[in-house]
Amino acid sequence: MLAANGVSYNELPFGGRLDIKTPWHLRKQIKHHKPRVVLSWMNRASRMTPSGDFVKVARLGGYYKLKNFRDCDHLIGNTRDICDYLIAEGWPSERTHYLPNFVDANPGSALDRSEFNTPDDAPLILGLGRLHENKGFDTLIRALAEVPEAYLWIAGAGDLKNDLLKLAGECGVADRVRLLGWRRDVANLFATCDVFCASSRHEPLGNMVIEAWAHGKPVVAQASQGPVQLIKSGETGLLSKLEDASALACDLRKVLDDGVLSETLSSKGREAFEASFTEDVVVNKYKAFFDEVAR
């Protein structure tokens, strides 16, 4: 995409402690471009980026240890809770900045449900993410046992595929669970589902919540860090108690059974997206930040 739009770029390995190539090339690029601001993403890139006659900024999308960021001038958290964490860990508040993510809101087209052996008239729940313990798909599958007739699509890849399939069988819902694997057509998946479930038990941000809002879908989420920061429960989504499959099932049934509630959550979620998480809004915030801190 960068190449197609005429943007030059360099790829570096960002390997382990013995990777001397990446820091050397970073110094070379910085010397060539003479930037006023250098922005790095998370631990490894921040550790390998040298200091110099520029403003060094790192962006954090999680609760990382500050040892890799001590030589930075400013830190960005993509949630307010991450910013609070940074300040609590001793980082100066005046050098801590909240800048959210944006998501792609281009609409998709509904898929043919028969491709995944799913009835057209069945309530359809969508889950997205790596098949990892943090994503809480085990809780979601247990909840599905208490949501009659609903089908569950989970788009993502990971080591827990067989474990989740086994759990679905144990819960008696194997005939209503579809593991779609890694997908690049997320917009189409949103266009097809009736409700999106952010089932993560650990989620610093929850980009998926913002994506669901952007595509006008009601959101039900477990009350992990990110969704709690984003969702006004009962207004822009429903928040369920962590690790409580019955509570999650209850909220899913509420949305699937109540068309008015579903429409309210969808419209209010879209309003929240338009106000804070569109590409224009976030890019303008970054531009203003760079203008503020640049030397």
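The values are calculated or read from the model by the stated rules, or taken from the named source; none is laboratory data. Given the structure is predicted, the values throughout are model-derived calculations rather than measurements. Methodologically, a virtual Cβ is constructed for each residue, glycine included, from the backbone with ideal geometry; neighbour enumeration extends over all protein chains shown. The area values use the complete protein model at the heavy-atom level, side chains included, leaving out ligands, DNA and RNA. Shrake-Rupley method; radii C 1.70, N 1.55, O 1.52, S 1.80 Å.
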Exercise. Which of the trypsin sites (Lys or Arg not before Pro) across the stretch 42-144 are loop residues per DSSP, with 12 or fewer other Cβ within 10 Å?
Worked result: Lys65, Arg70
Seminar exercise, completed: Convex hull around the C-alpha positions of the stretch 131-257: the volume in Å³ per residue is 96 Å³
Seminar exercise, completed: In Å³ per residue, the alpha-carbon convex hull of the stretch 73-132 encloses 162 Å³
Exercise. With a sphere of radius 13 Å drawn around the Cβ of Phe277, what net charge do the other residues whose Cβ falls strictly inside it have (Lys, Arg +1; Asp, Glu -1)?
Worked result: -4
Problem set entry | Normalised convex hull volume, the stretch 13-99, alpha-carbon set, Å³ per residue | 92 Å³
Seminar exercise, completed: Rounded to the nearest 10 Å², the 1.4 Å probe accessible area of Trp41 is 120 Å²
Seminar exercise, completed: For the chain, longest principal axis from Cα atoms; helix 279-293 axis from its Cα atoms; angle between them, nearest 10 degrees, is 30 degrees
Seminar exercise, completed: With +1 on the Cβ of every Lys and Arg and -1 on the Cβ of every Asp and Glu, the dipole magnitude of the stretch 149-295 about its Cα centre, in debye rounded to the nearest 20, is 240 debye
Exercise. Ranked by accessible surface with a 1.4 Å probe, highest first, in what order do Met1, Met42, Met48 come?
Worked result: Met1, Met42, Met48
Exercise. If ligands, DNA and RNA are left out, what is the accessible area of Tyr151 with a 1.4 Å probe, given in Å² to the nearest 10?
Worked result: 40 Å²
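Taking 18 Å as the cut-off for C-alpha to C-alpha distance, list the pairs among Lys135/Lys232; Lys217/Lys268; Lys241/Lys268; Lys217/Lys254 that go past it.
The answer is Lys135/Lys232; Lys241/Lys268.
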Problem set entry | Using alpha-carbon coordinates, inclination of helix 161-170 to the longest axis of the chain, degrees | 30 degrees
Problem set entry | Efficiency of FRET from Cβ geometry, Ser267 and Tyr98, R₀ 30 Å, rounded to 0.05 | 0.75
Problem set entry | Over 14 Å [Cα-Cα, the stretch 94-160], rounded percent | 70 percent
Problem set entry | At 0.692 mPa s and 37 °C, Stokes D of the stretch 157-221 from Kirkwood alpha-carbon radius, µm² per second | 245 µm²/s
Exercise. Which sequence of Lys28, Lys241, Lys285 reflects their accessible areas, 1.4 Å probe, from the largest down?
Worked result: Lys241, Lys28, Lys285
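Of all the accessible heavy-atom surface of the stretch 1-141, with the other protein chains kept in place and a 1.4 Å probe, what percent is carbon and sulfur?
Details: 4100 of 8140 Å².
Here it works out to 50 percent.
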Problem set entry | Å² per residue, accessible surface of the chain at 1.4 Å | 51 Å²
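Compute the Kirkwood hydrodynamic radius of the chain, taking the inverse of the mean of 1/r over all pairs of distinct Cα atoms, and give it in Å to one decimal.
20.9 Å
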Exercise. Where the centre of each part is set by its Cα atoms, how far does the stretch 68-140 sit from the stretch 232-295, in angstrom?
Worked result: 11 Å
For this session: Just read off the accessible area of Cys171 with the full protein assembly in place, 1.4 Å probe, to the nearest 10 Å².
Result: 40 Å²
Problem set entry | Viscosity 1.306 mPa s, 10 °C: Kirkwood-radius Stokes-Einstein D of the stretch 26-153 over Cα pairs, µm²/s | 86 µm²/s
Exercise. Cα axis of helix 259-276 to longest principal axis of the chain: angle in degrees, 0 to 90, nearest 10?
Worked result: 10 degrees
For this session: Just the number, please: percent antiparallel of the DSSP beta bridges in the chain, rounded to the nearest 5.
Result: 5 percent
